[in-house]
């Protein structure tokens, strides 16, 4: 079962990047361009799935409150960028979010739900600001709706993977390994570029 899950996750992640490269809003519409945006970059995929894994580790109300905090604050960051509000260190904080979220999944610390929501919201604001800075010719509302839907779907994939991994092993070992791999991928992205 775990082998099938691993293969499915690998195929899903490898298929999303080339298939959903940043779409031209003039050709595909703003909604499709926004939807494709989080699916294009490995950094986006890693963070969104890690948020879902972390929520799954916490369970209960975290399954919907943690992703909701991310999506809601990401939209606020997008709005700030559209309004021209400057935000320093956007790319470094996005890269740091991969490492941080990967470590949080790996460590599986019993943190209060409000603290987890605050942490993901902090990083979400930077992700949203980056989306707003890359808007281009897309219509803002449809673009935002598209990337919010894609982000929620990636969170759901992380939650599903976290729940599935939690059922096939003891003490969250495979979930922790996935978190460590996410953190290492974040370090690789930070130093590769």
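The values are calculated or read from the model by the stated rules, or taken from the named source; none is laboratory data. Being a predicted model, the structure only gives us computed values, none of them experimental. Ideal geometry is used to build each Cβ from the backbone, glycine not excepted, and the neighbour counts take in all protein chains shown.
General remarks:
- As for the range 76-96, it holds at least one residue that is touching a residue at least 60 places away in the same chain (Cβ under 8 Å) and under 30 Å from residue 173 (Cβ atoms).
- Being modelled with pLDDT of 95 or more, under 12 Å from the mean Cα position of the chain (by Cα) and surrounded by 20 or more Cβ atoms within 10 Å (Cβ to Cβ) is a property that residue 159 has.
- Any hit, the range 70-89, residues being at pLDDT 95 or above, over 21 Å from residue 145 (Cα atoms) and in contact with a helix residue (DSSP H, G or I) (Cβ under 7 Å, 6 or more places away or on another chain): yes
- With respect to (1) within 13 Å of residue 34 (Cα to Cα); (2) crowded, with 21+ Cβ neighbours inside 10 Å; (3) at pLDDT 90 or above, the lone exception for residue 124 is condition (1).
- Residue in the range 148-156 that is farther than 23 Å from residue 105 by Cβ, at pLDDT 90 or above and in contact with a helix residue (DSSP H, G or I) (Cβ under 9 Å, 6 or more places away or on another chain) present: yes
- Taking the range 127-142 as the range and being under 19 Å from residue 69 (Cα atoms) and surrounded by 23 or more Cβ atoms within 10 Å (Cβ to Cβ) as the test, the residues that pass are 127, 128, 129, 131, 132.
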